[in-house]
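The values are calculated or read from the model by the stated rules, or taken from the named source; none is laboratory data. Everything quoted here is computed from the prediction, not taken from an experiment. Methodologically, a virtual Cβ is constructed for each residue, glycine included, from the backbone with ideal geometry; neighbour enumeration extends over all protein chains shown.
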Amino acid sequence: MSTSVHETSSVKEYFAALINGITTTVHGMWITFRYVWGVKHVSIEYPEVREVLPERARMRLFNDVLNCISCTQCAMACPVDCIYIASEKKPEGAEIKKTSNGQPIRLTLTQFVIDTALCCYCGLCTTVCPTECLTHSHDYEFSQYTIDGMKYDYLAPDVIAWRDRIVKS
Ligand code: SF4
Ligand code: SF4
């Protein structure tokens with residue numbers, strides 16, 4: 001008789017545990033389902049799909065060197081000293097061209113390099129530029145194999161090549 005009561009109790013416990021297992025699983029799956037079903041997608045199929053960046057996003061710097069007057073204000077404002085500029089005086093009697101906003105170009109720019117590995121994208125250099133030739137582009141795809149590759153010479157043809165791509169886009 002006592003064995004029978006014990007068996008009945010074990011069967012009850014078994015079914016109680018089974019029902020509990022099923023209901024908690026269904027409850028958990030319902031929570032998961034509601035989350036997965038209702039949640040907005042946050043990932044994109046990069047690189048086929050690209051984010052549209054905010055208008056004022058600060059990505060790779062771009063210097064339109066034809067409008068640069070070599071004033072070095074950008075380099076002086078840079079908190080990490082990652083802008084390297086060199087220039088020389090124009091020869092006596094040489095034509096003094098003007099930038100697109102009317103500033104005379106009295107010096108010949110011979111070097112304009114930014115070490116973007118050091119740059120913190122603060123935007124100070126673009127803010128002080130009197131000719132507005134130095135701006136942040138929307139180009140964020142410029143990884144390199146070496147740290148030295150992050151130094152961009154804005155007078156070099158290969159950098160001018162990506163500059164042209166940015167200007168057209
Ligand atoms: S964005 Fe800031 S850190 Fe980068 S070059 Fe300009 S001033 Fe320097
Ligand atoms: S502040 Fe502008 S104009 Fe002056 S050197 Fe820098 S990029 Fe050129």
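What to note about this one:
- Verdict on residue 143 being assigned by TED's automatic domain parsing to the domain that holds residue 67, within 12 Å of ligand 2 (Cβ to nearest atom), assigned to a loop (DSSP other than H, G, I, E, B) and of a type in the set (Gly, Ala, Ser): no
- Among the residues of region 122-132, the one identified as within 13 Å of ligand 1 (Cβ to nearest atom), more than 14 Å from the chain's Cα centre (by Cα) and not in a helix (DSSP H, G or I) is 129.
- Pairs, first under 12 Å from residue 132 (Cα atoms) in region 65-92, second assigned to a helix (DSSP H, G or I) and within 9 Å of ligand 2 (Cβ to nearest atom), C-beta under 7 Å, six or more apart: 73/128; 74/125; 74/128
- For residue 36: the one exception among (1) assigned to a loop (DSSP other than H, G, I, E, B); (2) modelled with pLDDT under 95: (1)
- When residues of region 45-65 are limited to those that are of a type in the set (A, V, I, L, M) and loosely packed, with under 12 Cβ neighbours inside 10 Å, the one nearest to residue 119 (Cα to Cα): 52
- Across region 100-134, the qualifying residues are those that are touching a Pro at 6+ places or on another chain (Cβ under 9 Å) and within 12 Å of ligand 2 (Cβ to nearest atom), and the one among them that is nearest to residue 150 (Cα to Cα) is 124.
- Each residue in region 67-89 was checked for being outside any loop (DSSP other than H, G, I, E, B), within 6 Å of ligand 2 (Cβ to nearest atom) and under 9 Å from residue 112 (Cα atoms), and 1 pass.
- The residues on offer are 33, 62, and the sole one that is among the aromatic types (Phe, Trp, Tyr) and in contact (Cβ under 8 Å) with a residue 60 or more places away in the chain is 62.
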